[in-house]
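The block underneath contains the structure these notes are about, expressed in structure tokens.
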Amino acid sequence: MTIQNDPLLSVENLSVSFDGFKAVDDLSFQLEKGEIRVIIGPNGAGKTTVLDLICGRTKATSGSIQFEGRELTRLKEYDIVRAGVGRKFQTPSVYEDLTVFENLEISYPSGRSVFEALFFRRNKEIVHRIKEISEMIFLDKQLDRKAADLSHGQKQWLEIGMLLIQDPALLMLDEPVAGMTVSERVRTAELLQRIIQSRSVLVIEHDMGFVEKIAHRVTVLHQGRIISDGSMEHVKNDPKVVEVYLGH
Amino acid sequence: DAPSTAAVNTTGLAVTDDTVTVGILHSITGTMALSEIGSVEAEKLAIAQINESGGVLGRKIKFIQEDGASDWPTFAEKARKLLENDKCASVFGCWTSASRKAVLPVFEQYNGLLYYPTFYEGLEQSRNVIYTGQEATQQILAGLDWISKEKNAKTYYLLGSDYIWPRTANKIARKHIENHLKGSRVVGEEYFPLGDSQFNSVINKIKLMKPDVIYAIIVGGSNVAFYKQLKAAGLDLSKHNLMTISVTEDEILGIGGENIAGAYACMKYFQSIDTPDNKKFVADFKKMWGEKSVIGDVTQAAYLGPWLWKLAVEKAGTFDISKVIDASPGVEFKNAPEGYVRIHKNHHLWSKTLVGRARTDGQFDVIYETPELMEPNPFPVGYQ
Amino acid sequence: MDTKSDNDVMNIPALGTPLLDVRGLHVAYGASEVLHGVDLQIGHGEIVVLMGRNGMGKTTLMKSLIGNLPIREGSIFLDGKQITYLPAYKRVEVGLAYVPQGRMIFPTMTVKENIETGLFVRREKSVPENLYDIFPVLREMGSRRGGNLSGGQQQQLAIARALATRPKVLLLDEPTEGIQPSIILEMAHTLKKIRDNSGLSIMVSEQVLSFALDIADRILVIEGGNIVHQTTKANVDVDLLTRFLSV
Amino acid sequence: MLSLQNRKDILFLSILAAILLIVLPMGLDAFRLNLIGKYLTYAFVTIGLVACWGDSGILSLGQGIFFGLGGYCMAMFLKLQASTLEATKNQSTPGIPDFMDWNQITALPWFWKPFHSLSFSLIAMMVVPEVLAVVIGAAMFKHRVGGTYFAIITQAIASVLTILIVGQQGYTGGVNGITDLRTLDGWDIRTDHAKYILYYVGVFLLLACLLLLRFVRKSKLGRILRAMRDQEDRVRFSGYNVANFKIFIFALAAAMAGIGGALFTLEVGFMSPTFVGIVPSIEMVIYCAVGGRNSLVGAVYGTLLVNWARTSFSESFPEIWTFAMGGLFIAIVLFLPGGLASLYQNYIDPYVCRILRGNGRQTPHTVDKAI
Amino acid sequence: MLSGYSFNDLASIFVMQSFAGLILFSVFLLMALGLAIVFGQMGVINMAHGEFMILGAYTTYVCSYIFAQWMPALFGLYFFIAVILAFIVAGTVGMFLEWSLIRFLYKRPLDTLLATWGVSLILQQIFRSTFGAREVGVTLPDWMMGSWNLSETIQIPINGMIVIAITLLITIVIYGLLYKSGWGKQVRAVMQNRTMAGDVGINTERVDRFTFGLGCGVAGVAGAAFTMIGSTSPTAGQQYIVDTFLVVAFGGTESLGGTIASAFSISQARSILEFFLSGSMAQVLVLLTVIGILMLRPQGLFALKVRR
Ligand SMILES: Nc1ncnc2c1ncn2[C@@H]1O[C@H](COP(=O)(O)OP(=O)(O)OP(=O)(O)O)[C@@H](O)[C@H]1O
Ligand SMILES: Nc1ncnc2c1ncn2[C@@H]1O[C@H](COP(=O)(O)OP(=O)(O)OP(=O)(O)O)[C@@H](O)[C@H]1O
Ligand SMILES: NC(N)=O
Ligand SMILES: [Mg+2]
Ligand SMILES: [Mg+2]
């Protein structure tokens, strides 16, 4: 069987344009299981747009996105999530009105239909899982705090936790360490290392130090196209990347 | 010399040794206020005059006024209050048929007595209501006969606001035109939501059809829009026949006399009626409510209410409502502004019907008057 | 004033009248006080970097300086004028400009219109060309709607918009957040150039030490709503700063 | 062991129940009590609005649609009961409702026929509004119509329905509405005795609806709704079909409004298209805002307060009472954005907490929502 | 219904019916322009919009009265002065309202709905207490109530043409203000982000006040113009509210072009349907169509595309 070797995510000839402006231009790439892939590229290169396309927030003009053999471009957002794709937004979005515990509980993948939600009961397994995740995201002491009272970095972690609890096969993070302090960045890198195990992570980030710490492979986007792809070492020394992105 | 309270009030009404309490129930807020305010004024005038002349059975009339707020459920609530809570010996109120329908069950349940002033569609006769306005056949038939004969009209275009009175009235008009006026026919019939203000399309249709008579039963604020747009579209009412049963002097205040001059209105009362009784009434009304006030058909009919009640109470010798009701048929009010008035046993009034022609000053020239009083016939056979 | 000279922390009062002079600033959100009496002076043409961990009050300080948050106690002087109780737009008139964290571009206005919103306060008609020289991408995208720009493009737009008000003091709240490395490098350069050309003073809040060291004349550290450490660039103790910035 | 919040809820509900079931019936005569009963029928709408608007951020300016439909279902049944051959023998077509006869309709229209059955009518008064709400909700929420747009569209639907009811008077009674309703399966609903019974039935149904909504709000679904109000996209990307949740709560509120409307018809004895229009719909939103859009019991008190104020202002100052009403709305919005419930929160809650705390404990990990 | 008429008849009806549609378009647009500013630009759900129109109508009434009483010679022209006064009066009351109430509610847009509902009740009662519950008749100079006879069968109402002219003028002025003047940029900046607008030096309070005043003033002008074709009474304003909001929402709240397109399509549909169906059914069909289209384009016909 070849399933083992099939990529988890396979993007082919993906394009999207807004009022004639091509934000993503005939893009193809593949993502293996257990891989941490970082997408870098100049501001406006189309990185966020790529994530939007994968998670269904933006509809592609053309091209296909295969995830575990399923075509995502035709699915609704919530079905894409249920298929196993988790997405973290660029600005932390958590439910400020609820506690950390409740934030995680809502994200727990059961009771997702209206009537299941109505008769949903907290059980040992769920509480256990929430505790487990909260430790992973350094928030086990904060379970009863309102999310509104968390610091910026903690909110970022909480949002990652809310994705983790869904146990997605693919995790997509848009600038997860933006606005974090140095030490928080370090801990976030550890966190990412720990969570891959059986899943893949797609990260967008501008902090090269952080990228260097986590990336298995780096893809560089420019004007909606891939201009370089490979190991951090390779990419860093690619003159095109230095020219448009890193600077001299 | 007033009879003892125990003798004239055996049913627990709000009657004391020197007062008797009645209710006034009209909309003084909301969209209907513009029509109903005249009725309130007329009823207050009548009550003041009755009190001046010694009251009813030696008792002064006190009134409790409630606001129906142009909202039928509110009318029902307030009617209950006036009857159940305030024990009013009679109530003067309502304008639209809808408000009357809303309070009717309340008056029947609590055995109250309502004096209802508006021209209306008929098809109703309640023991607990005295209808002081005309029912539809009284108001409509004579006018159609007149215009058919005088203007040799053959084709009619019927218009109305979309509710029961205009629809029923137009139905009666249509039957009369088709069955009783030789060679005449209806070439169009249309209804507009209450408050609508766009009539250009129908005016164009009228221009296309060129009917001999536009028969309009548009009520409230829509009238203003209708007549202004009619005039601006070049339909000159001094050349085109338009007959209405819904525009009184009150409505013309808003329409503007110059916009409706020439139209024919058909009802039982115009302010310009040239009799001493009416002149006195007009003078008294203006004295109480200001020189600029005008009096339309419904306002005059509302004025009749308190007087007819007084006459019936004095005929019965008691305030007890059942007895007042029993005494009512046959009660005569000889010097009413509109002329001689008598209550029919079906609780409506005998009345003449007049045709008036609108002048630019907002008054009507009375150009025709039925020779006889017309019998009220709320369930007209052949017109339903 | 020679801004290039190394001002020792202790000498700051001797700078003469500072351009921006903040004394005893207390600011609270409802019942919870976040700034507990901040004292802060910025000299003419000086670039000050404000560092501090998340939630320590950097944004709060900036917002209260520009007038977006009411001040509970304390005073703010700009160029000798008391501005403590002025509404934001009057402070801009006196010479403050602000680039907020999160940029706050007017989303449905074009890039050009966004910049033009900064012109009204000086009653100017057209966008100064030198702004486009500093941020060429903005000229290119002049007719695109602000909300459609990428994060980094928006950041540049926000700075340009602030500069259009011809400020004396420019407040930048974490301007490097979400910006590509080459532009960060340039930005340090650009900001210094702007300072040199138009002689304005800049206060930047920042988490990234390298950028701070690159640009700062002086570094302040805020913690728990108080300024707990200041140092000139010359005297920077990187280890100490790092310790302040880690938990 | 009950949590503090649960104890509070029990306390609030008991107080409300005591006021409605004991204090008011003892203190008021039949007329006033019937008025209160009528006001309470609006409360079925306002508590639904708490769930829809307060919790979920869905502001409907068309709740009158559902109140009216529920009311019409009940009115159709009662009208058929009142239109016996005996009572309508003078009509050209005896046995059909009087207004049909006035409009030359000669046979009962097909959609009236099922309303001969009480059980059908009782089911219809909830199901008809609910089905319409599901249709509207599906059309709107699946296309992500929300916020002010949703409010304006519901308003437009209310006006469409009003125009239709008024325009089809042969089938609906038109502007007059359906009047002169007398008996429910032979039981005269107009007597004082019946009014008392209907009042108690109304109160019990209202309390039942309150409990049901409390259950919904405390469930995970309730938390999802609140989460959705603030971060709709996040909920969507947590794998929820956001539209379905909105449809559910909108339809639930509609069904409750339908019950309210049906009770209204019973208590007042008629139904009219004025209830379907936008004015009552907006007023019901105001009742909710006055009570506090985040508090179920607050909404009930708000409904009672505004209606009581309206009645007494208009009785005492019939000429200028609208000044007072307008002023009341403005004052609430300006000075009490959380409505009556926030007065309670600020001034009374601390004492209540102190008294109830004892050995109570917070529900773990949860921001509790008061009823 | 069109059989049996001469070609000439039909042609002239067609011309007049087109003109009726044009008048309806102007009426809708004029109603909507003020709200397009207050609701579309500022996000204030002004339920008192109709009352501001009626305020303009009453101003016209007072004007007509004064001229008829004291300056009968100038009566033929009073209307134009009345329109300007209507703008000033409604605008001033609007600015007062903004200062006393609306400015506290910018962060709670839905609450503006409730507060302005209260305002509309109060304004209605003020009208009623001042002018009485009855309609007032606004007398217009004779020449304005006439019609212009294009041919024997085609008559074009002059008041309709005046409505169209006023609408055109106001639309151009507003377009210029919003899109061609610096003031318009300030307005749009403030409406998109009030705090940030202040931070770039825009006097947000002044912009808010004048914008709201402008919207109300335009409503007043609409009211003044409508005295030519409609009624003036304390509650007449309520008739307009649903249609007006729908026109603005249908067009997409942010764009004036959208409001124009939406007023045009709704009025044309209404006027054509009204010719063939009953008034009620025409209204129902148009409303349902609009609702249907709004469902498919939830931000309105002409929503600006900005990424979420
Ligand atoms: N809805 C839209 N309409 C028009 N243009 C858009 C839209 N969405 C994105 N764009 C354009 O597409 C390009 C890519 O944007 P995107 O946000 O994906 O960039 P990015 O790589 O994430 O940048 P950054 O690193 O700054 O976040 C930008 O030039 C942006 O202006
Ligand atoms: N609107 C608010 N209401 C209540 N508390 C707030 C509010 N905004 C911020 N705070 C609190 O004030 C403190 C300081 O916040 P501030 O945003 O100034 O921090 P910061 O230093 O800018 O952090 P960051 O690096 O994350 O931007 C934090 O503890 C935060 O929780
Ligand atoms: N009875 C009327 N005119 O409604
Ligand atoms: Mg991005
Ligand atoms: Mg900050």
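Looking at B:Glu36, is it among the charged types (D, E, K, R) and surrounded by fewer than 22 Cβ atoms within 10 Å (Cβ to Cβ)? Against the criterion (among the charged types (D, E, K, R) and surrounded by fewer than 22 Cβ atoms within 10 Å (Cβ to Cβ)), B:Glu36 does not qualify. Residues of the stretch A:82-92 that are within 8 Å of chain D (Cβ to nearest Cβ) and open to solvent by less than 10 Å² (accessible area, probe 1.4 Å): A:Gly86, A:Arg87. Name the residue, out of A:Val203, A:Val244, that is touching a residue at least 24 places away in the same chain (Cβ under 8 Å), part of a helix (DSSP H, G or I) and within 16 Å of ligand 1 (Cβ to nearest atom). It is A:Val244.
The residues of the stretch E:11-27 that are at pLDDT 90 or above and surrounded by 24 or more Cβ atoms within 10 Å (Cβ to Cβ) amount to a single one, E:Ser26.
State yes or no: is E:Asp243 over 21 Å from D:Ser159 (Cα atoms) and either open to solvent by less than 10 Å² (accessible area, probe 1.4 Å) or more than 8 Å from every other protein chain (Cβ to nearest Cβ) (or both)? When the stated conditions are applied, E:Asp243 does not pass them.
I'd like to know if the stretch B:199-209 contains one or more residues that are in a loop (DSSP other than H, G, I, E, B), open to solvent by 20 Å² or more (accessible area, probe 1.4 Å) and modelled with pLDDT under 90. No; the residues of the stretch B:199-209 include none that is in a loop (DSSP other than H, G, I, E, B), open to solvent by 20 Å² or more (accessible area, probe 1.4 Å) and modelled with pLDDT under 90. Number of residues in the stretch B:55-99 that are of a type in the set (Lys, Arg) and more than 9 Å from chain D (Cβ to nearest Cβ) equals 4.
So that you can scan it fast, the table gives a plain yes or no per residue for (1) in a helix (DSSP H, G or I); (2) closer than 16 Å to B:Leu114 by Cβ; (3) at pLDDT below 95:
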position	(1), (2), (3)
B:Val40	yes, yes, no
B:Glu43	yes, yes, no
B:Lys60	no, no, no
B:Ile64	no, yes, no
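Residues in the stretch D:88-100 that are within 23 Å of D:Leu184 (Cβ to Cβ) and either buried (at least 18 other Cβ atoms within 10 Å of the Cβ) or in contact with an Asp or Glu (Cβ under 9 Å, 6 or more places away or on another chain) (or both): D:Thr88, D:Gln91, D:Pro94, D:Ile96, D:Pro97, D:Asp98, D:Phe99, D:Met100.
Quick check on my filter: what residues within the stretch C:178-209 are within 14 Å of another protein chain (Cβ to nearest Cβ), within 15 Å of ligand 2 (Cβ to nearest atom) and crowded, with 23+ Cβ neighbours inside 10 Å?
Of all residues in the stretch C:178-209, those within 14 Å of another protein chain (Cβ to nearest Cβ) come to C:178-190, C:205-209.
From what is left, the residues that are within 15 Å of ligand 2 (Cβ to nearest atom) are C:178, C:205-209.
The answer is C:Gly178, C:Ser205, C:Glu206, C:Gln207.
Please determine whether any residue of the stretch A:136-146 is assigned to a helix (DSSP H, G or I), within 16 Å of ligand 2 (Cβ to nearest atom) and under 24 Å from A:Phe89 (Cα atoms). No, the stretch A:136-146 contains no residue that is assigned to a helix (DSSP H, G or I), within 16 Å of ligand 2 (Cβ to nearest atom) and under 24 Å from A:Phe89 (Cα atoms). Taking the stretch A:1-119 as the region of interest, the helices (runs of 4 or more DSSP H) fully inside it that hold 1 or more residues being of a type in the set (D, E, K, R) and more than 20 Å from the chain's Cα centre (by Cα) are A:100-107, A:114-118. Sub-6 Å Cβ pairs linking a first residue in the stretch C:219-242 that is over 13 Å from C:Leu50 (Cα atoms) to a second residue that is away from ligand 3 (no atom under 16 Å from the Cβ), at least 6 apart or interchain, are C:Ala234/C:Asp6, ordered by first then second residue. A single member of B:Gly221, B:Gly305, B:Gly296, B:Gly257 is at pLDDT 95 or above and within 11 Å of chain E (Cβ to nearest Cβ), and it is B:Gly296. When the residues of the stretch C:229-247 are filtered to those that are within 14 Å of chain A (Cβ to nearest Cβ) and among the β-branched types (Val, Ile, Thr), the one that is farthest from C:Ile42 (Cα to Cα) is C:Val247. Being closer than 23 Å to C:Thr17 by Cα and within 16 Å of ligand 2 (Cβ to nearest atom): is that true of C:Ser64 here? When the stated conditions are applied, C:Ser64 passes them.
Taken over the stretch B:79-110, the criterion of being out of contact with any helix residue (DSSP H, G or I) (no Cβ under 7 Å at 6 or more places or on another chain) and in a helix (DSSP H, G or I) is satisfied by B:Leu82, B:Arg100, B:Leu104, B:Pro105, B:Glu108, B:Gln109. One residue stands out in the stretch A:159-199 among those that are touching a Gly at 6+ places or on another chain (Cβ under 6 Å) and of a type in the set (Gly, Ala, Ser): the one that is farthest from A:Glu105 (Cα to Cα), namely A:Ala178. It is to be established whether one or more residues within the stretch B:178-193 are within 30 Å of B:Ala79 (Cα to Cα) and within 14 Å of another protein chain (Cβ to nearest Cβ). For the stretch B:178-193, residues within 30 Å of B:Ala79 (Cα to Cα) and within 14 Å of another protein chain (Cβ to nearest Cβ): present.
This table checks each residue for (1) more than 22 Å from the chain's Cα centre (by Cα); (2) within 11 Å of chain A (Cβ to nearest Cβ); (3) within 30 Å of A:Met172 (Cβ to Cβ); (4) at pLDDT 90 or above.
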residue	(1), (2), (3), (4)
D:Gln169	yes, no, no, no
D:Leu181	no, no, no, yes
D:Asp185	yes, no, no, no
D:Leu207	no, no, no, yes
D:Arg214	no, no, no, yes
D:Lys220	yes, yes, yes, yes
D:Arg236	yes, yes, yes, yes
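Entry remark, the stretch C:17-32: residues being in contact with a Gly (Cβ under 8 Å, 6 or more places away or on another chain) and surrounded by fewer than 16 Cβ atoms within 10 Å (Cβ to Cβ) number 3 in total.
Need a quick list: helices (runs of 4 or more DSSP H) entirely within the stretch D:229-311 having at least 1 residues that are open to solvent by 10 Å² or more (accessible area, probe 1.4 Å) and within 24 Å of D:Ile163 (Cβ to Cβ).
The helices (runs of 4 or more DSSP H) meeting that bar are D:242-268, D:278-291.
Do we have any residue at all in the stretch D:263-279 that's under 20 Å from D:Leu24 (Cβ atoms) and of a type in the set (Ser, Thr, Tyr)? No, every residue in the stretch D:263-279 fails to be under 20 Å from D:Leu24 (Cβ atoms) and of a type in the set (Ser, Thr, Tyr). Could you tell me whether the stretch B:301-317 includes any residue that is open to solvent by 50 Å² or more (accessible area, probe 1.4 Å), within 30 Å of B:Thr16 (Cβ to Cβ), among the acidic types (Asp, Glu) and in contact with a Leu (Cβ under 7 Å, 6 or more places away or on another chain)? Within the stretch B:301-317, one or more residues are open to solvent by 50 Å² or more (accessible area, probe 1.4 Å), within 30 Å of B:Thr16 (Cβ to Cβ), among the acidic types (Asp, Glu) and in contact with a Leu (Cβ under 7 Å, 6 or more places away or on another chain).
Out of A:Ser151, A:Ser113, one residue alone is under 18 Å from D:Ser219 (Cβ atoms), more than 16 Å from ligand 3 (Cβ to nearest atom) and among the small types (Gly, Ala, Ser). It is A:Ser113. Mind listing just one residue for me: the one in the stretch C:136-157 that is open to solvent by less than 20 Å² (accessible area, probe 1.4 Å) and more than 9 Å from every other protein chain (Cβ to nearest Cβ) and, of those, nearest to ligand 4 (Cβ to nearest atom)? Only one residue fits best here, namely C:Leu157. Counting only residues that are closer than 30 Å to E:Gly132 by Cβ, assigned to a loop (DSSP other than H, G, I, E, B) and away from chain D (no Cβ under 14 Å), the stretch B:4-29 holds 0 of them. Here is a check on your reading of the model: is A:Asp207 of a type outside the set (A, V, I, L, M, F, W, C) and within 13 Å of the chain's Cα centre (by Cα)? It is false that A:Asp207 is of a type outside the set (A, V, I, L, M, F, W, C) and within 13 Å of the chain's Cα centre (by Cα).
The values are calculated or read from the model by the stated rules, or taken from the named source; none is laboratory data. Please read all numbers here as calculations on a predicted model, not as lab measurements. Note that each Cβ is placed from the backbone with ideal geometry, even for glycine, and that neighbours are counted across all protein chains shown. Remember, those area values only see protein heavy atoms, side chains included, never the ligands or the DNA or RNA. Shrake-Rupley method; radii C 1.70, N 1.55, O 1.52, S 1.80 Å.
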